[in-house]
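Since the structure comes first, as structure tokens, the remarks are kept for the end.
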Protein chains: 4
Amino acid sequence: MMTRVAVVGATGYAGAELVRILAGHPKVKLAALTSRQHSGKIFSHVYPSMAGIVDMPCEEFSADSLAESVDLIFMALPHKLPMEIVPLLLRKGMRIIDLSADFRFLDVTLYETHYQPHTCPELLKKAVYGLCEVYTEKIRSADIIGNPGCYPTCTLLPLIPLIKAGLIETERIIVDSKSGVSGAGRSPSLTTHHCEVNESFKAYKVADHRHNPEMDEVLSREADKPMHVTFVPHLVPMTRGMETTIYATLKNQAGKEQIRNCIREFYKGRPFVRLRSEGIAADTLHVKGTNFCDIGIHVDQAAKMVVLTSAIDNLVKGAAGQAVQNMNIMLGLDETLGLMAVPYPL
Amino acid sequence: MMTRVAVVGATGYAGAELVRILAGHPKVKLAALTSRQHSGKIFSHVYPSMAGIVDMPCEEFSADSLAESVDLIFMALPHKLPMEIVPLLLRKGMRIIDLSADFRFLDVTLYETHYQPHTCPELLKKAVYGLCEVYTEKIRSADIIGNPGCYPTCTLLPLIPLIKAGLIETERIIVDSKSGVSGAGRSPSLTTHHCEVNESFKAYKVADHRHNPEMDEVLSREADKPMHVTFVPHLVPMTRGMETTIYATLKNQAGKEQIRNCIREFYKGRPFVRLRSEGIAADTLHVKGTNFCDIGIHVDQAAKMVVLTSAIDNLVKGAAGQAVQNMNIMLGLDETLGLMAVPYPL
Amino acid sequence: MMTRVAVVGATGYAGAELVRILAGHPKVKLAALTSRQHSGKIFSHVYPSMAGIVDMPCEEFSADSLAESVDLIFMALPHKLPMEIVPLLLRKGMRIIDLSADFRFLDVTLYETHYQPHTCPELLKKAVYGLCEVYTEKIRSADIIGNPGCYPTCTLLPLIPLIKAGLIETERIIVDSKSGVSGAGRSPSLTTHHCEVNESFKAYKVADHRHNPEMDEVLSREADKPMHVTFVPHLVPMTRGMETTIYATLKNQAGKEQIRNCIREFYKGRPFVRLRSEGIAADTLHVKGTNFCDIGIHVDQAAKMVVLTSAIDNLVKGAAGQAVQNMNIMLGLDETLGLMAVPYPL
Amino acid sequence: MMTRVAVVGATGYAGAELVRILAGHPKVKLAALTSRQHSGKIFSHVYPSMAGIVDMPCEEFSADSLAESVDLIFMALPHKLPMEIVPLLLRKGMRIIDLSADFRFLDVTLYETHYQPHTCPELLKKAVYGLCEVYTEKIRSADIIGNPGCYPTCTLLPLIPLIKAGLIETERIIVDSKSGVSGAGRSPSLTTHHCEVNESFKAYKVADHRHNPEMDEVLSREADKPMHVTFVPHLVPMTRGMETTIYATLKNQAGKEQIRNCIREFYKGRPFVRLRSEGIAADTLHVKGTNFCDIGIHVDQAAKMVVLTSAIDNLVKGAAGQAVQNMNIMLGLDETLGLMAVPYPL
């Protein structure tokens, strides 16, 4: 039987990527697409690559109408809108995977410090942080998923196993991340103007990005003590992809093999985390268009530091792909369904 | 039943793209990969994006060994090598799809003028030019396919219907083509050096490219008289994609609607040719990673000229995708099998 | 003695390029910069590359204030605004180089068909079309220059010598042009969004671009009969640069050497037009950041066609550089002053 | 009086950039260019952007011939070749600026551990490390300069003032650097192939790059105790530019203003180091083609860490520009001569 799903906010980049994956998913019927900006238009007129493949119209959002036609909803809206809509949808019995930050935090004051007042704080306890490989069990039975941010996904996957195993110090961890431009969304701005991006590499929101408290809260939970990492995001002149280089101090004389074994064991049986070979760093080109998170492991012996490199496609494992993986887990399906096309060689 | 196939020359860009498509094809078993340069290596060590997906070894080419293990062979070798190998493989009963120029020409002197002496000219009559939408019937029963060049594919698909219908003059046709860098192959050279490509746009081999006689021969056959187009290829600073802008003089007071209807009728029922909406030109971004050929139709009334724009992914419809489409036709399968993944929005 | 100049509209891309060139010009004092959007800001806060070099403030436009402080004005505003301002400035005795289309046409109905009603048509006769190498004498004494569009510059420079010499047919000329993204200006839009530009190549405004009548008018004047070329612009995923490939039918058995000699003679002593060596096409990379127009000459013997390739930097020879060259000519200076920095190797 | 200079190894990217700067330098006569690969060719045939500007021939290297015609030599050769040539040139009375690593180290064993046996270790004491803003006095009278590597330049300029002032801990400093592709040189390889670079971001030689001991030696000297930083270089899909993000622990309750004042004071009167405004990070786009090093200063209060961002053009301040700046200092000229063209806005 097919699960009927809707994508709310289908014409942003994350929304369109959801449409791509869901339109090819063998157990899903794409029942509705909504878009404020493009309502009334055929989806493939907005994204002509899908002409002949996804020719559904985009509709205005209507909770009532969705309640009749779908079982599960993907929300790909800007922060703030989801928390106004989700309570209503939950009451109508739908399960929800929300790609905004509105349901990612357990601690409402943390959310409110970095975003705005929360209008349904009581739902935060009900919501599950959808980091698929880490919170699988909770995800299974969740009705509402806070789908992780792209930077936190790329950072937490390599870090959590080492934190839980106590192989690294929890202090002075450096997270130096680099993202392609699609992470900035589809709305035109000087930041995304080709001529300002091209041949430009720069940090932004240095130690001041809202994904920092998101990482910190999850890490603190896993470490069972307050943690704070120093996080600096950068913009790379490319469309898709995110690379993160993490620096942490080795504890208890841990060496490269121990680090490698720890991560390998942690993700045993989980197909979307791939360890790179000895000495090879993660490369965004190798995960482009896929739901993989590649991880490279390196050690600076002289400084007793481990250096982790991780790469994801920010729109897939960092957004739409992980969202569909969450759906697969929620529905009791194989978690790879719809996500395992053979990757492009380049 | 699964058809067992091999890719000979699997580690070049066209070869790797064949591997990608065939590894995901529901009716095919990828039985062997050969590579001179990388023989002995695991394929995914050469293309790490496919780690965990295509972990077969690359072998040295051996006709005997292939004869035992496969039914059909894709050849993705440089010109000249295939004509030395193909006769042997045919005698062993294999069917062959060759991506080089060695079996694209009917007229051996044309081939020999632009390439080198041909070592098995008798096979040229047996070989079928694998322009799928045009020579479907011949392809069905062919044992050897000369898979079309990327530029000819992108040029012939929009032109042939109009030539056959007599809607345009056969003289003074201009074909102004632009290709991404992957068309130059994987061997490093100054031409493909990032710093020489980036922020560079230029023509090359002006009116002197070997795909010109290939187009001319096919067009002459379809027009039933000698034809020659003026063809200029250009290099675009991007990885994949090819756009062609064609200029031809309208005949018999043909107008835009007549042109549009002619092309639409010609490709009726053929899913890989898509007409763009009124006024919209073909865009390489919309066919990236797909087997589509998008066509835009425009008219310059003042000059009585039709302007056609066409876009393909040079590695897919311009090489590996069309090759697999040819295989599908040869095997009596739906021609879209393995080629209809939902396209990426960007 | 230094000429005092102002740039009106200094913070758009063409304006900023004017600032770059004029700030380094040995005979010019950059006396005022105006910007509606950024008035009150330091110029180098808008363009931080120039921090420490151009730290002047941007002002609101004021004709009175400019009349007191400057001798010559560069206008880098969108079409329509200049024609409202220019009459006033002329009356105050200033000389003007306008980068918009407002003063490029002789025939006001042509302008009005493609733009809007003209508010000072009487000035069109007074204005000189600033194609420096062609209209040098008229430019010397002009008070108002209509600085040519980028596409017309790149097209007219290679074509005019052949038209005047009668070496090519004036009919059925094809002009296939390709521009970098900076030509679209600095205002953010989906068209200039990095993710929509990157890995995209496409035609736009096919046979419907407003630079087409501009070319046609100039060519008609030079040919002394009505001319119309078929013009198709394309967008290239790069910041700067424009390449044009022109196809024309050879007349009177003209050959490659005759064509080459004609162009060489025409531009004798003019340092900004460079002929590429035999067989080599013009490349945008080789003119990046310069005021050069490189021209390549090729012949398709079988079709009796000449193929010209030309390359300019759309912001320099296609806009700000040519404007400064016009100023040099108007002031009786060496036309290369301020424009002859050694080009970057890449 | 003009100083006569030669560029040995003129056709690599650093060499060509030297040619660009020196050809426009007001106090220099470019007397000879040598190139093994292109000897006999006109320089502008190798770099056509300079056609009509630098039309000198490239010669084979000959110490005797150079001794007659030049006063000062820039060496832009791969490591190992310079140390074989330099002793000879010195004996002939020439002054030398070497862009390789051969004369950058004081400690010969450090060089030999990371490169190869040194053939003239006695010269290392004579050589001066050409970090212009730091070792100005020594450079003045030097006969041989070891021109700093690009990564060390971008790292040392922001770090040294803080190390000398004791404002940061000397341990656990993280240096996360990102370089454009031109840093890999002009020789084609898979690493520089456009299709492998484009849409790829990755670390390489993690904690294993030969610029690491170079930085460490200089820092140790300045700190007057052994120092080691953890250094990870990354490759960015762009031609020019290098960004470095440095993480260090604040000492003695130093705050952002103290850090800013320290760096500002240190570089007072030095035009090539620019501090970015409060909260703004350094951007490679803003230093492209220039000799500037832009520095941004940020603090992560929660972690008591300072985060420094620095940006240079790897071919200018990271190679040829700094080399010419060294020459200016050696010759007693204004250090900005030939290096102060107005930067491009984009």
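Sort out which residues of the range A:195-209 are touching a residue at least 12 places away in the same chain (Cβ under 8 Å) and not aromatic (F, W, Y), and write them in order of number.
Correct list: A:V197, A:N198, A:E199, A:S200, A:K202, A:A203, A:K205, A:V206, A:A207, A:H209.
I'd like to know if the range D:261-282 contains one or more residues that are of a type outside the set (G, A, S), over 17 Å from the mean Cα position of the chain (by Cα) and at pLDDT below 95. Yes, some residue in the range D:261-282 is of a type outside the set (G, A, S), over 17 Å from the mean Cα position of the chain (by Cα) and at pLDDT below 95.
How about the range A:35-58: which of its residues are open to solvent by 10 Å² or more (accessible area, probe 1.4 Å) and in contact (Cβ under 8 Å) with a residue 24 or more places away in the chain? Once the filter is applied, which keeps residues that are open to solvent by 10 Å² or more (accessible area, probe 1.4 Å) and in contact (Cβ under 8 Å) with a residue 24 or more places away in the chain, the range A:35-58 yields A:R36, A:Q37, A:H38, A:V46, A:I53, A:M56, A:P57. Restricting the range A:94-153 to residues that are among the polar types (S, T, N, Q) and touching a strand residue (DSSP E or B) at 6+ places or on another chain (Cβ under 9 Å), which is surrounded by the most Cβ atoms within 10 Å (Cβ to Cβ)? Here the residue is A:N147. Do the conditions hold for D:R210, that is, is it away from chain A (no Cβ under 12 Å), touching a Leu at 6+ places or on another chain (Cβ under 9 Å), open to solvent by 20 Å² or more (accessible area, probe 1.4 Å) and of a type in the set (D, E, K, R)? Taking the combined requirement at face value, the residue does not satisfy it. Being surrounded by 24 or more Cβ atoms within 10 Å (Cβ to Cβ), without any contact (Cβ under 8 Å) to a residue 24 or more places away in the chain and under 26 Å from D:D102 (Cβ atoms) is true of D:T192.
Here is a check on your reading of the model: is A:I163 within 29 Å of A:R240 (Cα to Cα) and out of contact with any strand residue (DSSP E or B) (no Cβ under 8 Å at 6 or more places or on another chain)? Yes, satisfied.
Residues of the range B:165-184 that are within 7 Å of another protein chain (Cβ to nearest Cβ) and open to solvent by 20 Å² or more (accessible area, probe 1.4 Å): B:R172 alone. State all residues of the range C:122-136 that are closer than 30 Å to C:H38 by Cβ and assigned to a helix (DSSP H, G or I); if no residue qualifies, say none. If the condition is that a residue be closer than 30 Å to C:H38 by Cβ and assigned to a helix (DSSP H, G or I), then C:L123 is the only one that fits. Restricting attention to the range D:245-255, the residues being within 23 Å of A:G241 (Cα to Cα) and in contact with an Asp or Glu (Cβ under 7 Å, 6 or more places away or on another chain) number 1.
When A:A32, A:A63 are checked against the criterion of being farther than 21 Å from A:G321 by Cα and open to solvent by less than 20 Å² (accessible area, probe 1.4 Å), a single residue qualifies: A:A63. Residues of the range B:1-30 that are within 13 Å of chain A (Cβ to nearest Cβ), over 16 Å from the mean Cα position of the chain (by Cα) and assigned to a loop (DSSP other than H, G, I, E, B): B:A10, B:T11, B:G24, B:H25, B:P26. If we scan the range B:185-200, do we find a residue that is within 13 Å of another protein chain (Cβ to nearest Cβ), part of a loop (DSSP other than H, G, I, E, B), over 28 Å from B:L308 (Cβ atoms) and in contact with a Lys or Arg (Cβ under 8 Å, 6 or more places away or on another chain)? Yes, there is a match, as at least one residue in the range B:185-200 is within 13 Å of another protein chain (Cβ to nearest Cβ), part of a loop (DSSP other than H, G, I, E, B), over 28 Å from B:L308 (Cβ atoms) and in contact with a Lys or Arg (Cβ under 8 Å, 6 or more places away or on another chain). The residues listed here are C:K80, C:K126, C:K164; of these, the one that is at pLDDT 95 or above, within 19 Å of the chain's Cα centre (by Cα) and over 30 Å from A:S200 (Cβ atoms) is C:K80. Within the range A:213-229, the set of residues being open to solvent by 10 Å² or more (accessible area, probe 1.4 Å), under 30 Å from D:S277 (Cβ atoms) and either basic (K, R) or assigned to a loop (DSSP other than H, G, I, E, B) (or both) comprises A:H228 only.
The values are calculated or read from the model by the stated rules, or taken from the named source; none is laboratory data. Just so it is clear, the model here is predicted, and its values are computed rather than measured. Neighbour counts run over all protein chains shown; Cβ positions are idealised from the backbone, glycine included. Side chains are part of the model used for accessible areas, which takes the heavy atoms of the whole protein and leaves out ligands, DNA and RNA. Shrake-Rupley method; radii C 1.70, N 1.55, O 1.52, S 1.80 Å.
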